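Working notes, beginning with the structure itself.
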Amino acid sequence: MPLVHAVVGSLLIAANAAAALWGYVAYRRNRPPGTAYRHLLAAAQTLVLAQATLGLILLSQGDEPGDSLHFIYGLLPLLAVAYPYALRGDDGRRNLLLFTIGSALVAALGVRAFMTGPS
């Protein structure tokens, strides 16, 4: 199970980094990113939920992370996914920026979580 957690974590980082980059390019070009971006963003956010669930399952089985900060780097991505939904409004460009920032934060926190995981 720790291997699955690591693989999903790697996918989480890659998907959120791709969503952040794609969203940033679309934002800078002042063009809507399209349906494929929305699918990527949904997959990236779903990976966050899956990773948190796997982490809780591992914790319930007695596996401990290498560092107590790992818990924080596991919780903050959930907030980074939820917060843009709370802030979104009628301005599509602003919404794109919020979700882009959220994806970038998730990718960065994912990298940091890998650094604090079991050695």
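Does residue 37 qualify as being over 20 Å from residue 114 (Cβ atoms) and not aliphatic (A, V, I, L, M)?
Numbers: over 20 Å from residue 114 (Cβ atoms): yes; not aliphatic (A, V, I, L, M): yes.
So residue 37 fits the description; yes.
Taking segment 94-108 only, how many residues are farther than 12 Å from residue 20 by Cβ and either acidic (Asp, Glu) or open to solvent by less than 90 Å² (accessible area, probe 1.4 Å) (or both)?
Number satisfying all stated conditions: 1.
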For this session: Name the single residue, out of those in segment 26-48 being exposed (fewer than 13 other Cβ atoms within 10 Å of the Cβ) and within 18 Å of residue 15 (Cα to Cα), that is modelled with the lowest pLDDT.
Result: 34
Problem set entry | Top-ranked residue in segment 62-76 [being without any contact (Cβ under 8 Å) to a residue 40 or more places away in the chain and not in a loop (DSSP other than H, G, I, E, B); ranked as least open to solvent (accessible area, probe 1.4 Å)] | 74
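Quick grid of which residues meet (1) within 15 Å of the chain's Cα centre (by Cα); (2) within 21 Å of residue 98 (Cβ to Cβ):
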site	(1), (2)
18	yes, yes
22	yes, yes
39	yes, yes
59	no, no
65	no, no
72	yes, no
Problem set entry | Filter result for residue 59 (out of contact with any His (no Cβ under 6 Å at 6 or more places or on another chain), among the hydrophobic types (A, V, I, L, M, F, W, C) and surrounded by 13 or more Cβ atoms within 10 Å (Cβ to Cβ)) | yes
Exercise. Quick one: is residue 26 in contact (Cβ under 8 Å) with a residue 24 or more places away in the chain, closer than 15 Å to residue 108 by Cβ and either assigned to a helix (DSSP H, G or I) or not hydroxyl-bearing (Ser, Thr, Tyr) (or both)?
Worked result: no
Problem set entry | Any hit, segment 77-84, residues being without any contact (Cβ under 8 Å) to a residue 24 or more places away in the chain, hydrophobic (A, V, I, L, M, F, W, C) and open to solvent by 80 Å² or more (accessible area, probe 1.4 Å) | yes
Seminar exercise, completed: Exactly one of 107, 52, 6 is modelled with pLDDT of 95 or more and not polar (S, T, N, Q), and that residue is 107
Exercise. Consider residue 99 against the criteria (1) free of Cβ contacts under 8 Å to residues at least 60 places away in the same chain; (2) farther than 16 Å from residue 5 by Cβ: it satisfies all of them except one. Which criterion is unmet?
Worked result: (1)
For this session: Filter segment 1-23 down to residues that are without any contact (Cβ under 8 Å) to a residue 12 or more places away in the chain and open to solvent by 80 Å² or more (accessible area, probe 1.4 Å) and give me whichever is nearest to residue 115 (Cα to Cα).
Result: 3
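The values are calculated or read from the model by the stated rules, or taken from the named source; none is laboratory data. All values derive from a computational prediction rather than experimental measurement. Backbone-built Cβ (ideal geometry, glycine too); neighbour counts: all protein chains shown. We work out accessible area using only protein heavy atoms, side chains counted, and drop any ligands, DNA or RNA first. Shrake-Rupley method; radii C 1.70, N 1.55, O 1.52, S 1.80 Å.
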